[in-house]
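Taking it in order: structure first as structure tokens, then the write-up.
The values are calculated or read from the model by the stated rules, or taken from the named source; none is laboratory data. All values derive from a computational prediction rather than experimental measurement. Using ideal geometry, Cβ is built from the backbone for each residue, glycine included, and neighbour counts are taken over all protein chains shown.
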Amino acid sequence: MLLVVGLSLNPGRARSLEAAGPTLLYPHYVTETRLEGRELVVWVKTAFWDEQRPYSLDEIRALGPALAFHDDVWRGLTLLLAIPPQAAVRIAGVRGEGQVVDWWFTATARRGLETPAVAELVGPPFWFRDQRVQRLRLRPVLAEERRQRLLLHPRLEVRLALEGDWNEHPARPDPHWESLYQQVLANYGDGLRWRQIPPASEMGTGAAPLSANGIRRLRVLVQEPGIQRIPYAQIAALAPEWLERDPRHLQMYRGREKIAILVEGEEDGHLDTGDDILFYAPPWSHKASLADVFWLTLGADKGSRMAVRPAAGEAPPLPGFRDTRHLEEAHIYYSDLPMSEDGDHWYWAALRPGRSGTATTTIAFALAPLAWGPLDATLRLRVLGRDLGTLLVHLWLNEYPLGSFSLADGQEATPSFVLPHFLLRDQNNELRVLVSRQGEQTNTLVLDWLELEYVRRYEAKAGRLELAVDWPGSWRVDMNGFHELPWVWDVTRPLQPARVMDVRGRRGSDGLLTATFVSTASGRTRYTACEPGATPTPQVTAAPAQNRLRDPALQADYLILTPSDLRPAAERLAAYRRSQGLQAMVVELSEVYDAFNAGVA
């Protein structure tokens, strides 16, 4: 079998940064795959083309610095390989006819330094319907900066060891997917012997957990991290049959991970008025989703519950804790920064010196109430060079000169600067960034993010506080700014939080409450505190006990995906297609999220 899995020859995407000659990319041809005992062997042949014809190695050597490579050369090619479901995969060996090409080491070649391996496994194995697959990335062009040369590999042999105990599983008939298996799997023939329906325990966060005995599930949508409360009234309205069951069997999941929860008043075996459900929602990346999703079910076994931790006694006070303020905004998109398939391509700002030779911007930000004393703070930022040329970057924080650094060509840097803590303010901090051109060529500074590590006081805002105790041993924590005595939970293990008991309070002359507890631990411990009246209520909706999209018997000729608001129009379209003899089905996007990503959009 000859499977062509080459890269697109789209001339519009080619970028020759400084070369006057042709821009090459390389199509790959998987010439053969073979199972040899417990090793899967892949042979790959590479040809170097521009938009019209292939180039021999002698031609490439003759062109030298006049030659450029397409950006995709440095990205490499990713193959999907079928593997046995129970096998662990590692690269056992790589052999190739490495050809040396002397090279004027330009920014084009320097891009290859970010990915120095000829072959590497990308991420863990995953399920592609009924096929367990592993991603293998190949890079037949490598750059060696120290020796000023390129290594080209026209032929590669990669041996993958399949470790562990694994068996063959004859492929079940799957006509609707067979053509797709053939298109995407480099070793389609081998995969036929390893197919099986994925076990539920290996679906990761794919499917949301199902309720026992066909009882409905509740989808819990959280907009912000911290302690959450689900009122009894919501449970009674959405799942009235649960009122007749033992609430100690209530279970909560995040994906397929169990969450320890608190069900008030469950000791009597009944869910009564006022028996609310409390749980902790850990922070998540808002780049992936604006909300997180949890699942509440009624299982056959008792659910996971929070532990209780006493916090009384005497201990010396701590004045504050070290925290990090991460600042990042997405305003500019660059498809080729970074040079990886799974990188984040959104950036905050770009500065390019103009005719004056400089460019500047100012970033304003606020911090939590600051601790005082002979302390240091640390500022870090991530920046990249967009083009050729060298920039000198100068930084000032609140008019204090932090320092300078240089950035050349496509370089990436994460410089850090230590500064006196007393320079910081609770409000109205300003970071000024100025870039100046060095030499004739003008580079562009791209700002990704910045963060400031500093020491803050134990002071609540709007009835809530996320805090830490940095030191081992026993310490008294005095939390200011509350209106009522807060709940305090130890969230060092965020999915298994523990309730802190014996929290005491004293009211000051300003009418605000200082809540006090003693932390005893062997290392850094994280806590969350929240007033009962400030606890947010997540959005709770009912979901069917089973998700139809994972039913192998479900089939359709015409599938319409739609948000819930457009469902009536989608149903009309489906009815029209049915009148044409097609088997049409309407699926809301929420069903897709529930079936394949545990409800997370």
Only one of (1) part of a strand (DSSP E or B); (2) within 32 Å of the chain's Cα centre (by Cα) fails for Pro401. Which number is that?
(2)
Across region 502-546, what is the total count of residues that are closer than 30 Å to Ser564 by Cα and either surrounded by fewer than 19 Cβ atoms within 10 Å (Cβ to Cβ) or polar (S, T, N, Q) (or both)?
9
Can you tell me which residues in region 245-269 are modelled with pLDDT of 90 or more and either part of a helix (DSSP H, G or I) or small (Gly, Ala, Ser) (or both)?
Pro247, Arg248, His249, Ala260, Gly265, Glu266, Glu267, Asp268, Gly269
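Is one or more of the residues making up region 344-357 in contact with a Gly (Cβ under 8 Å, 6 or more places away or on another chain) and free of Cβ contacts under 8 Å to residues at least 60 places away in the same chain? Steps first, please.
So the first thing to find is which residues in region 344-357 are in contact with a Gly (Cβ under 8 Å, 6 or more places away or on another chain), and the list is none.
Checked region 344-357: no residue is in contact with a Gly (Cβ under 8 Å, 6 or more places away or on another chain) and free of Cβ contacts under 8 Å to residues at least 60 places away in the same chain.
Yes/no matrix, rows are residues, columns are (1) modelled with pLDDT of 95 or more; (2) in a strand (DSSP E or B); (3) over 29 Å from Ala460 (Cβ atoms):
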| position | (1), (2), (3) |
| --- | --- |
| Ala350 | no, yes, yes |
| Gly354 | no, no, yes |
| Ala359 | no, yes, yes |
| Gly373 | no, no, no |
| Arg380 | yes, yes, no |
| Leu388 | no, no, yes |
| Leu392 | no, yes, yes |
| Trp396 | yes, yes, yes |
| Phe405 | no, yes, yes |
The condition from (1) crowded, with 17+ Cβ neighbours inside 10 Å; (2) part of a loop (DSSP other than H, G, I, E, B); (3) of a type outside the set (Ser, Thr, Tyr) that Phe279 misses is numbered (2)
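Please count how many residues of region 393-422 are among the aliphatic types (A, V, I, L, M) and surrounded by fewer than 16 Cβ atoms within 10 Å (Cβ to Cβ). Steps first, answer last, please.
Taking region 393-422 as the starting set, the residues that turn out to be among the aliphatic types (A, V, I, L, M) are 393, 395, 397, 402, 407-408, 413, 418-419.
Retained after the next criterion (residues that are surrounded by fewer than 16 Cβ atoms within 10 Å (Cβ to Cβ)): 413, 418.
Counting residues in region 393-422 that are among the aliphatic types (A, V, I, L, M) and surrounded by fewer than 16 Cβ atoms within 10 Å (Cβ to Cβ) gives 2.
Residue-by-condition table, conditions (1) farther than 30 Å from Gly76 by Cβ; (2) not β-branched (Val, Ile, Thr):
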| residue | (1), (2) |
| --- | --- |
| Ala330 | no, yes |
| Arg355 | yes, yes |
| Thr361 | yes, no |
| Arg380 | no, yes |
Out of Ser285, Ser335, Ser289, I need the residue that is polar (S, T, N, Q), assigned to a loop (DSSP other than H, G, I, E, B) and either modelled with pLDDT of 90 or more or assigned by TED's automatic domain parsing to the domain that holds Thr444 (or both). Which one?
Ser335
Leading residue by the ranking (surrounded by the fewest Cβ atoms within 10 Å (Cβ to Cβ)) among those in region 214-237 that are in contact with a Ser or Thr (Cβ under 9 Å, 6 or more places away or on another chain) and in a helix (DSSP H, G or I)
Ala233
Quick one: Arg325 ticks every box in (1) loosely packed, with under 15 Cβ neighbours inside 10 Å; (2) in contact with a Phe, Trp or Tyr (Cβ under 8 Å, 6 or more places away or on another chain) bar one, so which box is it?
(1)
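Would you point out which residue out of Trp295, Trp284 is surrounded by 14 or more Cβ atoms within 10 Å (Cβ to Cβ), under 29 Å from Val469 (Cα atoms) and aromatic (Phe, Trp, Tyr)?
Trp284 is the lone residue from the list that is surrounded by 14 or more Cβ atoms within 10 Å (Cβ to Cβ), under 29 Å from Val469 (Cα atoms) and aromatic (Phe, Trp, Tyr).
Against the definition (of a type in the set (Lys, Arg), surrounded by 13 or more Cβ atoms within 10 Å (Cβ to Cβ) and under 27 Å from the mean Cα position of the chain (by Cα)), how does Arg305 come out, yes or no?
Considered against the rule, which asks whether it is of a type in the set (Lys, Arg), surrounded by 13 or more Cβ atoms within 10 Å (Cβ to Cβ) and under 27 Å from the mean Cα position of the chain (by Cα), Arg305 comes out as no.
Return yes or no: is Thr541 modelled with pLDDT under 95 and in contact with a Ser or Thr (Cβ under 8 Å, 6 or more places away or on another chain)? Break it down into steps so the answer makes sense when it comes.
Numbers: modelled with pLDDT under 95: yes; in contact with a Ser or Thr (Cβ under 8 Å, 6 or more places away or on another chain): no.
No.
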Among the residues of region 478-508 satisfying the criterion of being in contact (Cβ under 8 Å) with a residue 60 or more places away in the chain and more than 22 Å from Gly313 (Cα to Cα), which is farthest from the chain's Cα centre (by Cα)?
Gln496
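With the condition kept exactly as written, say whether any residue in region 68-86 is assigned to a loop (DSSP other than H, G, I, E, B), surrounded by fewer than 18 Cβ atoms within 10 Å (Cβ to Cβ) and at pLDDT 80 or above. Reasoning before the result, please.
Residues of region 68-86 assigned to a loop (DSSP other than H, G, I, E, B): 70, 76, 83-86.
Restricting the remaining residues to those that are surrounded by fewer than 18 Cβ atoms within 10 Å (Cβ to Cβ) gives 86.
The next check asks that each one be at pLDDT 80 or above; those that pass are 86.
Yes; the residues of region 68-86 include at least one that is assigned to a loop (DSSP other than H, G, I, E, B), surrounded by fewer than 18 Cβ atoms within 10 Å (Cβ to Cβ) and at pLDDT 80 or above.
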If Val44 satisfies all but one of (1) among the aliphatic types (A, V, I, L, M); (2) out of contact with any Lys or Arg (no Cβ under 9 Å at 6 or more places or on another chain); (3) at pLDDT 65 or above, what's the number of the condition it fails?
(2)
State all residues of region 142-187 that are within 29 Å of Asp557 (Cβ to Cβ) and either at pLDDT below 70 or crowded, with 19+ Cβ neighbours inside 10 Å (or both); if no residue qualifies, say none.
Tyr181, Leu185
Every residue in region 555-601 that is loosely packed, with under 13 Cβ neighbours inside 10 Å and either among the basic types (Lys, Arg) or part of a loop (DSSP other than H, G, I, E, B) (or both), please.
Gln555, Asp557, Pro563, Arg572, Gln580, Gly581, Gln583
